[in-house]
Amino acid sequence: MKPLSYRTKIMFSISLFEVVVILALTLSRVALLRNDFEVKIISRVDQRGSTIKNLFEHAIISNESISDIKKLLLSFNQTKFFRFISVIDANNIVLLSSECDYENKPNRYKDSESIRKSVGALFVKSYELTLPPGSHSILKKWNPMYVQIGYSLSGYKKDLRKAVFHAFFITFTIIVMLLVLIWYHLSTLLKPLTAILSVTDNIVKGDYSSRVQVQTDDIIGKLGVSLNNMAEHLEGLTKNFNEKLHEAIVQTEKSNKELSDKTKELEEVNRKLMEVDKRKTEFISIVSHELRTPLTGIIGFAQTIMRLKLTDEQKEHYLKIIYSEGKRLASLIEDFLDISKIESGRFNLQIDFINIPEVVDESLDTISIPEGIRVRVNFPDKFPNIDGDSDRIEQVLTNILSNAVKYTREGGEITIEGKEEGDSVIISIRDTGPGIKKEDLHKIFSKFYRGDNFIARTNRGSGLGLSIAKGIVEAHGGKIWVESEEGKGSKFSFSLPKEYRENE
């Protein structure tokens, strides 16, 4: 919550005192008005009550008939001031009344103690009849004791409400006018303090040139003079400090730049050396591990042939193993050379006009596909020829197809499709193998990556096939990607531009 301003606090304090005092005066005036209204009403009631009492006494003494007295009673009751007029006997029985239905019945009204304690808007008061002996013979057996009059207070209360409303309206108007006057007067009084606050804010922000316009010699004026002196002193100190700081910064920046340049050079040299050393160590480690297996087999079976007396059939069997391991060793060495050329940027392509469906057929001829796996090739009749290195594209297809064959179980299917899309062609190879985990998809084209499943662990290979495929495709200016869901097979796709561009 935003704190109240100093001006608002002063305004609130003055206004609170003002409102309390004016409300107290207003309530006092309302009380006086009410008392004055009550005095006037009672005076009016007594005046009219006495008049009616005297007229009734005169009518009875004059032996006027009951009907005439009743007419007199009704004539008075026609004014709005009266609610009812009744003649009551000593037994509190209504003898005559403007409320005809209540004649000859017990009186239901009691005299009101005061106007404030009146029930509803009715004030009841009785006036005793003073009759000489025998003057009431006209009323026969009746014995009239007093006249009871019910006065309507609705007009009184309406007038009182108007007077109270008028008093409070005037009070509210005065309060609002005073608040407005106080607010604007405070604006004038606090204007110098506002100017001092503004200059103080500027000094806090670093603008020491700001000054207060001093116009009075009071405490606020003296405060402004002191603030101006402080600002002038701070301005001088800051100027001197900034000059020395600037000199120091220039010198420091110069030294830092030289140091930073040297540090960057050393860091870059160190990074390159570490990267080269890391790659060399990684390459030597993996190459040593991958080459050791076929070499071990070749050496072992060669020693067996040399040391043991074997049959021709056994020699032929061992020589075939040596030949197979030799081919595997040659393939590994070729893969290592290819990945080395790709990473060093010395990978050259022999660009020619090639027919992709024919390259696919040649790739299938080089791969041993088990009888239980079905291979479908689906290319449009007029599939376009493109610029590319036929041998390298065949190498990409062979690497991907070899993986598909490894991971597709008996009864499964491998589908090779091609389509034309703009200035490129897209070749896709889909298998029905175990698929690839979602978290492994981004690593699939990394060097030496192998899947973490039984098939991957039981199949030998360098782990460079897909990495080499990626390098060959990108060298042609294309892209390679994989779509897979665990348990639902994999789909490897790569795009090749129809026209090869050297700068890509």
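The values are calculated or read from the model by the stated rules, or taken from the named source; none is laboratory data. Here the structure is a predicted model, which means the values were calculated and not measured. Glycine gets a Cβ as well: all are built from the backbone with ideal geometry, and neighbour counts include every protein chain shown.
Assorted remarks:
- Selection from the stretch 176-233 of residues that are outside any helix (DSSP H, G or I) and in contact with a helix residue (DSSP H, G or I) (Cβ under 8 Å, 6 or more places away or on another chain): Gly206, Tyr208, Ser209, Ser210, Arg211, Val212, Gln213, Val214, Gln215, Thr216
- Filtered residue count, the stretch 483-504, keeping only those that are surrounded by fewer than 17 Cβ atoms within 10 Å (Cβ to Cβ) and on the phi < 0 side of the Ramachandran plot: 10
- Residues in the stretch 147-201 that are farther than 30 Å from Val94 by Cβ and touching a strand residue (DSSP E or B) at 6+ places or on another chain (Cβ under 7 Å): there are none.
- Scanning the stretch 156-196 for residues that are more than 30 Å from Gly224 (Cβ to Cβ) and of a type in the set (S, T, N, Q) gives Thr171, Thr173.
- Candidates Asn240, Asn256: the one that is at pLDDT 80 or above, exposed (fewer than 11 other Cβ atoms within 10 Å of the Cβ) and assigned to a helix (DSSP H, G or I) is Asn240.
- Checking each residue in the stretch 365-387 for being touching a residue at least 60 places away in the same chain (Cβ under 8 Å) and closer than 17 Å to Ile416 by Cβ picks out Pro384, Ile386.
- When we screen Ile342, Ile286, Ile321 for residues that are modelled with pLDDT of 80 or more, outside the structural domain of Ala469 (by the TED database) and surrounded by 14 or more Cβ atoms within 10 Å (Cβ to Cβ), the only hit is Ile321.
- The set of residues from the stretch 340-376 being assigned to a strand (DSSP E or B) and touching a Leu at 6+ places or on another chain (Cβ under 8 Å) comprises just one member, Val375.
- Inter-residue pairs, beta-carbon under 6 Å, first farther than 12 Å from Phe123 by Cβ and in the stretch 23-49, second surrounded by 15 or more Cβ atoms within 10 Å (Cβ to Cβ), 6+ apart: Thr26/Ala167; Thr26/Thr171; Arg29/Ala167; Val30/Val164; Val30/Ala167; Leu33/Ala163; Phe37/Leu160
- Single match in Leu181, Leu227 (criterion: surrounded by 10 or more Cβ atoms within 10 Å (Cβ to Cβ) and either in contact with a Cys (Cβ under 9 Å, 6 or more places away or on another chain) or at pLDDT 80 or above (or both)): Leu181
- Check on Val214, surrounded by 12 or more Cβ atoms within 10 Å (Cβ to Cβ) and in contact with a Ser or Thr (Cβ under 6 Å, 6 or more places away or on another chain): no
- So Phe383, is it in the same structural domain as Gly487 (by the TED database), assigned to a loop (DSSP other than H, G, I, E, B) and either within 22 Å of Ile480 (Cβ to Cβ) or touching a strand residue (DSSP E or B) at 6+ places or on another chain (Cβ under 9 Å) (or both): yes
- Residues of the stretch 420-449 satisfying the condition of being charged (D, E, K, R) and under 18 Å from Ser363 (Cβ atoms): Arg430, Asp431
- Residue check, Ile416 under 54 Å from the mean Cα position of the chain (by Cα), modelled with pLDDT of 90 or more and of a type in the set (Val, Ile, Thr): yes
- Single match in Ser462, Ser495, Ser467, Ser446 (criterion: at pLDDT 90 or above and not basic (Lys, Arg)): Ser495
- Within the stretch 374-413, the set of residues being acidic (Asp, Glu) and over 53 Å from the mean Cα position of the chain (by Cα) comprises Asp381, Asp387, Asp389, Asp391, Glu394, Glu410.
- Out of Lys191, Lys157, one residue alone is over 19 Å from Ile220 (Cβ atoms) and free of Cβ contacts under 8 Å to residues at least 60 places away in the same chain. It is Lys157.
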